[in-house]
1. Rounding to the nearest 20 debye, state how big the charge dipole of the stretch 33-121 is about its Cα centre with +1 on each Lys and Arg Cβ and -1 on each Asp and Glu Cβ.
2. Local charge sum around Pro97 (other residues, Cβ-Cβ under 11 Å, Lys/Arg +1, Asp/Glu -1)?
3. Binning at 10 Å from 0, report for the stretch 25-82 what percent of all alpha-carbon pair distances ends up in each bin.
4. Give me the number: length gained by fully extending Arg35 to Asn71, i.e. 0.36 nm times residue separation minus the C-alpha to C-alpha distance, one decimal in nm.
5. If you take the square roots of the eigenvalues of the alpha-carbon gyration tensor of the stretch 33-125 and sort them as a ≥ b ≥ c, do you get rounded (a/c under 1.5), prolate (a/b over b/c) or oblate?
6. To make sure I understand the rule: partners must be lysines, Cα under 23 Å from the Cα of Lys40, and not fewer than 8 residues away in the same chain. Which ones qualify?
7. Just to verify a number: FRET efficiency for Lys86 and His108, C-beta to C-beta distance, R0 = 25 Å, to 0.05?
Amino acid sequence: MDRRRTVLLCLCLLATTTQICSASETVYRGIEDDRSNGVKHGLFEVREEARQFIATENLSRGTHWEVLDPNLKIQVPRCAVPLTVKWVPKTYGLSAPNVAVSCGRTVHDSWGKHWNVFVPITSKR
């Protein structure tokens, strides 16, 4: 009887471990997985717009800025117009430099008619 219980316990633990491992494979991996779809605008694309803006700024001004990831908790509706990017004014009181990636009009005026996502910037040096 004890041997059957031990075998049954081992099988249950193996099944549980297998379920946990397979579930962890589908876990959100970060900004690389946060892509745009028909409903939301992905933070991957938002970050890429910020990177393009900063690359242009670095070339024209001789600076060495680097784009960090936006807050992964942010979700915004799909944008219907091209995104725009500009520096966030210091008067906003942020603790570090940021750029604002903005959408002027969302698709079908969904849960937000327009939005701004602040993307932090750091110096490479």
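1. The dipole magnitude comes to about 260 debye.
2. With Lys, Arg at +1 and Asp, Glu at -1, the net is -1.
3. 21, 43, 27, 8, 0
4. Values: separation 36, 0.36 × 36 = 12.96 nm, distance 1.43 nm.
Between Arg35 and Asn71, full extension yields an extra 11.5 nm.
5. Working: a/c = 1.98, a/b = 1.83, b/c = 1.08.
Since a/c reaches 1.5 and a/b is larger than b/c, the shape of the stretch 33-125 is classed as prolate.
6. Lys73, Lys86, Lys113
7. After rounding to 0.05, the efficiency reads 0.45.
Throughout, read-outs are computed from the coordinates displayed, never taken from laboratory work. Because the structure is a prediction, the values reported are computed rather than measured. Backbone-built Cβ (ideal geometry, glycine too); neighbour counts: all protein chains shown.
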